[in-house]
Amino acid sequence: DGTKVRAITDMVTVTIRKSPAETHDVCFYIAQRPMEVVSMSFRPNVAEGGAATALIKKAASATAPGSGTSLHQSGNFDLNGTAHATQAGVVSTVLATRSLAAGDGLCVDFAGSYTTADGVFVVNMRPL
């Protein structure tokens with residue numbers, strides 16, 4: 001599915017590829033211990049060609065990805081952004097909002113109409 005997890009010292013980096021076939025909200029990581037999101041980004045390989053956005057959210061077990069809590073302080077990722085230009089997400093300044101409990105999932109919540117968007121999301125975290 002294209003998801004990769006790699007630990008460097010105490011930092012954990014999670015990536016998920018958004019392919020044109022992905023047409024639904026999805027969780028792509030489950031925290032095994034309490035974690036803090038420190039940065040997130042999106043890099044489109046192919047722009048959507050119309051209005052389409054995505055939010056990185058956290059969702060407790062049994063919570064749908066789209067019903068989770070946004071980890072963004074403001075804004076979202078533009079799936080129609082310039083191809084190959086990295087977009088930096090603005091992570092919430094509230095520790096409780098940007099923290100995951102063990103068992104929480106990291107999810108992508110898509111909005112708009114998307115059929116051609118292709119790119120990669122990256123979320124960097126550290127243990128609490």
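The values are calculated or read from the model by the stated rules, or taken from the named source; none is laboratory data. The structure displayed is predicted, hence computed values, not measured ones. Counting neighbours? That spans all protein chains shown, and the Cβs are built from the backbone with ideal geometry, glycine included. Protein only, heavy atoms only, side chains kept; ligands, DNA and RNA dropped before computing areas. Shrake-Rupley method; radii C 1.70, N 1.55, O 1.52, S 1.80 Å.
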>> With the requirement that a residue be open to solvent by 40 Å² or more (accessible area, probe 1.4 Å), touching a Pro at 6+ places or on another chain (Cβ under 8 Å) and more than 18 Å from M11 (Cα to Cα), what does the stretch 95-122 give you?
In response: T115, T116
> Can you pull out the strands (runs of 3 or more DSSP E) entirely within the stretch 24-128 that have at least 2 residues that are of a type in the set (K, R) and in contact with a Cys (Cβ under 8 Å, 6 or more places away or on another chain)?
Replying inline: 52-59
>> Please go through the stretch 50-105 and give me each residue that is more than 12 Å from the chain's Cα centre (by Cα), closer than 18 Å to K18 by Cβ and touching a residue at least 60 places away in the same chain (Cβ under 8 Å), ordered by number.
In response: G50, A51, A52, L79
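Quick one: count up the residues across the stretch 68-94 that are among the hydroxyl-bearing types (S, T, Y), at pLDDT 95 or above and either over 22 Å from D118 (Cα atoms) or open to solvent by 70 Å² or more (accessible area, probe 1.4 Å) (or both).
Quick first cut of the stretch 68-94, residues among the hydroxyl-bearing types (S, T, Y) only: 69-70, 74, 82, 86, 92-93.
Okay, now just the ones that are also at pLDDT 95 or above, so 69-70, 86, 92-93.
Now restrict to residues that are either over 22 Å from D118 (Cα atoms) or open to solvent by 70 Å² or more (accessible area, probe 1.4 Å) (or both): 69, 86, 92-93.
Number satisfying all stated conditions: 4.
Name every residue in the stretch 59-88 that is small (G, A, S) and more than 13 Å from A47 (Cα to Cα), in order of residue number.
The initial filter retains those residues of the stretch 59-88 that are small (G, A, S), namely 59-62, 64, 66-68, 70, 74-75, 81, 83, 85, 88.
Result: A59, A60, S61, A62, A64, G66, S67, G68, S70, S74, G75, A88.
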>> Just to be sure I understand, how many residues within the stretch 36-67 are open to solvent by less than 60 Å² (accessible area, probe 1.4 Å) and in contact with a Pro (Cβ under 9 Å, 6 or more places away or on another chain)?
In response: 3
